[in-house]
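A.B. asks: Below are the C-alpha cells for one structure; questions will follow.
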Amino acid sequence: MKLSRYTFPVMASVGFGFLYFPILILVIYSFNESKLVTVWGGFSARWYLELFQDPQILDAATLSLQIAAVSATIALILGVAAAMTLVRFRWFRARTWLAGMAAAPLVMPEVITGLSLLLLFVALDHWLGWPSGRGVTTIILAHATFGMAFVTVIVQARLRDMDRTLEEAAMDLGARPMTVFLTVTLPTIAPALVAAWLLAFTLSLDDLVIASFVSGPGSSTLPMVVFSKVRLGISPDINALATLMILIVGLGGVVGFWQMRRSINRRPV
C-alpha cells in the first residue's frame with residue numbers, strides 16, 4: 001500500500017489538533033465576560049483581575065513555588081550524590097540495591113508513594129517528635145524524595161557519557177578530588193544539572209496526589225486549590241490561571257530554544 005505524501009502531515013495535524021485545540025478553547029474562554037464557562041458573553045479581562053485579587057490562589061501559588069524551589073534543590077544535591085555513587089564507585093557493595101531504590105519511585109504509583117510517606121511521617125512524629133504534624137516540611141521532604149529519582153537518572157546518564165580524561169588530566173596536574181569535582185566535573189555536567197533541577201521543580205509544582213497525602217492545614221498547594229475549585233465546577237478564573245501558566249511555559253520554551261540555537265550558531269564549524 002502506497003501512502004500519499006500528505007498522509008503523515010495530515011495525521012500529525014489531527015494528532016496535534018486533538019491535543020492543543022482544547023487548550024486553545026480554554027484560552028479563548030478565559031476572556032469570557034459570562035460566569036458560565038460554556039456560554040460566550042463577550043470579551044473581557046475581568047477574570048484576570050479577579051484572579052490577582054484572590055488571596056487563596058496567590059498564597060497557594062507562592063507556597064507552591066517555594067516548595068518546588070526548595071525540594072528541587074534538595075533533590076538535585078541528593079540525586080547528584082546518588083549518581084556519583086552509582087557511576088564512579090563500582091566497588092560499592094550496595095550499588096545494585098541503591099540503583100533499584102533510586103529507580104523505584106519512577107515506576108511506583110503516586111498513591112502508593114504518598115501513602116507510604118504519610119505512614120513514615122506519622123511514625124517519625126510518634127517516635128522522634130519530628131516532623132510535628134503535616135505541613136510544608138513534609139511536602140518538601142516528599143517532593144524531594146521522588147524528585148531525587150528523576151535527578152539520579154538524568155545525571156547518571158550524563159556522567160556515563162562524560163570524558164574521564166579531563167578529570168584524569170586535572171589529577172595528574174596535582175588537583176585534589178574535590179577540586180576536580182568542582183572545577184571539572186560539575187561544569188561539564190552543568191546542562192544535565194539544570195535539566196534535572198527544572199524537571200524536579202516542574203514535578204513538584206504539578207504534584208497533587210502526594211501533596212494531598214502529606215499536607216496539613218494551611219499548606220494547600222496550587223494544584224490542591226485548583227482541584228478543590230474544579231470539583232465545584234469550572235470557574236472562569238481557573239481558565240485565566242491556566243492561560244497564565246500556559247503563557248509562562250510557552251515563553252520559557254521559546255527562550256530555551258532561542259538560547260540553544262544561539263549557542264549552536266556560536267560553535268566553530
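The values are calculated or read from the model by the stated rules, or taken from the named source; none is laboratory data. Values in this document were obtained by computation on a predicted structure and should not be read as measured data. Cβ coordinates were reconstructed from backbone atoms using ideal geometry, including for glycine residues, and neighbour counts include every protein chain displayed.
A.B. asks: If we scan segment 155-163, do we find a residue that is closer than 28 Å to Tyr29 by Cβ and polar (S, T, N, Q)? Quick ask: steps written out before the conclusion?
C.D. replies: Initial filter on segment 155-163 (closer than 28 Å to Tyr29 by Cβ): none.
The answer is no, given that none of the residues of segment 155-163 is closer than 28 Å to Tyr29 by Cβ and polar (S, T, N, Q).
A.B. asks: Can you tell me which of (1) modelled with pLDDT under 90; (2) more than 29 Å from Thr138 (Cα to Cα) is the one Leu58 doesn't meet?
C.D. replies: (2)
A.B. asks: Here is a further query. I need the full set of residues from segment 53-67 which are surrounded by 13 or more Cβ atoms within 10 Å (Cβ to Cβ), free of Cβ contacts under 8 Å to residues at least 12 places away in the same chain and closer than 20 Å to Ile234 by Cβ, in order please.
C.D. replies: Answer for segment 53-67, where residues must be surrounded by 13 or more Cβ atoms within 10 Å (Cβ to Cβ), free of Cβ contacts under 8 Å to residues at least 12 places away in the same chain and closer than 20 Å to Ile234 by Cβ: just Leu58.
A.B. asks: Is it true that some residue in segment 71-84 is loosely packed, with under 12 Cβ neighbours inside 10 Å, touching a residue at least 40 places away in the same chain (Cβ under 8 Å) and within 27 Å of Trp197 (Cβ to Cβ)?
C.D. replies: Within segment 71-84, none of the residues are loosely packed, with under 12 Cβ neighbours inside 10 Å, touching a residue at least 40 places away in the same chain (Cβ under 8 Å) and within 27 Å of Trp197 (Cβ to Cβ).
A.B. asks: Can you name the residue in segment 252-268 that is aliphatic (A, V, I, L, M) and at pLDDT 75 or above and is also nearest to Val194 (Cα to Cα) among such residues? Step through it out loud before you land on a result.
C.D. replies: Going through segment 252-268, the residues aliphatic (A, V, I, L, M) turn out to be 254-255, 260, 264.
Of the ones still in play, those that are also at pLDDT 75 or above are 254-255.
Working: Val254: 17, Val255: 15 Å.
Among those that are aliphatic (A, V, I, L, M) and at pLDDT 75 or above, it is Val255.
A.B. asks: If you don't mind, there's one more thing I want to ask. Give me the pairs, please: first residue somewhere in segment 176-194 and over 14 Å from Ile77 (Cα atoms), second residue anywhere and among the charged types (D, E, K, R) and part of a helix (DSSP H, G or I), beta-carbon distance under 8 Å, and either six or more positions apart or on two chains.
C.D. replies: Val180/Glu167; Val184/Glu167; Thr185/Glu167; Pro191/Arg158
A.B. asks: Checking the conditions here, which among Thr137, Thr185, Thr165 is at pLDDT below 90 and either surrounded by fewer than 20 Cβ atoms within 10 Å (Cβ to Cβ) or in contact with a Leu (Cβ under 6 Å, 6 or more places away or on another chain) (or both)? Even if it seems obvious, please write down each step before you answer.
C.D. replies: Working: Thr137 fails: at pLDDT below 90; Thr185 fails: either surrounded by fewer than 20 Cβ atoms within 10 Å (Cβ to Cβ) or in contact with a Leu (Cβ under 6 Å, 6 or more places away or on another chain) (or both).
Sole residue among the options that is at pLDDT below 90 and either surrounded by fewer than 20 Cβ atoms within 10 Å (Cβ to Cβ) or in contact with a Leu (Cβ under 6 Å, 6 or more places away or on another chain) (or both): Thr165.
A.B. asks: Then there's this: Filter segment 150-172 down to the residues that are outside any loop (DSSP other than H, G, I, E, B) and closer than 14 Å to Ala192 by Cα and list them by number.
C.D. replies: Applying the first criterion (outside any loop (DSSP other than H, G, I, E, B)) to segment 150-172 yields 150-161, 165-172.
Within segment 150-172, Phe150, Val151, Thr152, Val153, Ile154, Val155, Gln156, Ala157, Arg158, Leu159, Arg160, Asp161 meet the criteria.
A.B. asks: Any idea how many residues of segment 188-205 are under 17 Å from Leu58 (Cα atoms) and loosely packed, with under 14 Cβ neighbours inside 10 Å?
C.D. replies: Here the count works out to 0.
A.B. asks: Here's a follow-up. Can you tell me which residues in segment 99-152 are closer than 18 Å to Ser71 by Cβ and acidic (Asp, Glu)?
C.D. replies: Within segment 99-152, Glu110 is the sole residue that qualifies.
A.B. asks: Being out of contact with any Gly (no Cβ under 8 Å at 6 or more places or on another chain), assigned to a helix (DSSP H, G or I) and hydroxyl-bearing (Ser, Thr, Tyr) narrows it down to one residue among Thr138, Thr113; which is it?
C.D. replies: One residue alone meets the criteria, Thr113.
A.B. asks: Here is a list of conditions, (1) surrounded by 11 or more Cβ atoms within 10 Å (Cβ to Cβ); (2) more than 19 Å from Leu78 (Cα to Cα); (3) small (Gly, Ala, Ser), and Gly218 meets all of them except one; can you say which number that is?
C.D. replies: Result: Gly218 fails condition (1) only.
A.B. asks: Of the residues that make up segment 15-26, is at least one under 25 Å from the mean Cα position of the chain (by Cα), hydrophobic (A, V, I, L, M, F, W, C) and surrounded by 13 or more Cβ atoms within 10 Å (Cβ to Cβ)?
C.D. replies: Yes.
A.B. asks: Also: Looking only at segment 109-130, how many residues end up being of a type outside the set (Phe, Trp, Tyr) and crowded, with 19+ Cβ neighbours inside 10 Å? Can you show your working first?
C.D. replies: Filtering segment 109-130 for residues of a type outside the set (Phe, Trp, Tyr) gives 109-120, 122-126, 128-129.
Adding the requirement that they be crowded, with 19+ Cβ neighbours inside 10 Å leaves 113-114, 117.
So the count comes out to 3.
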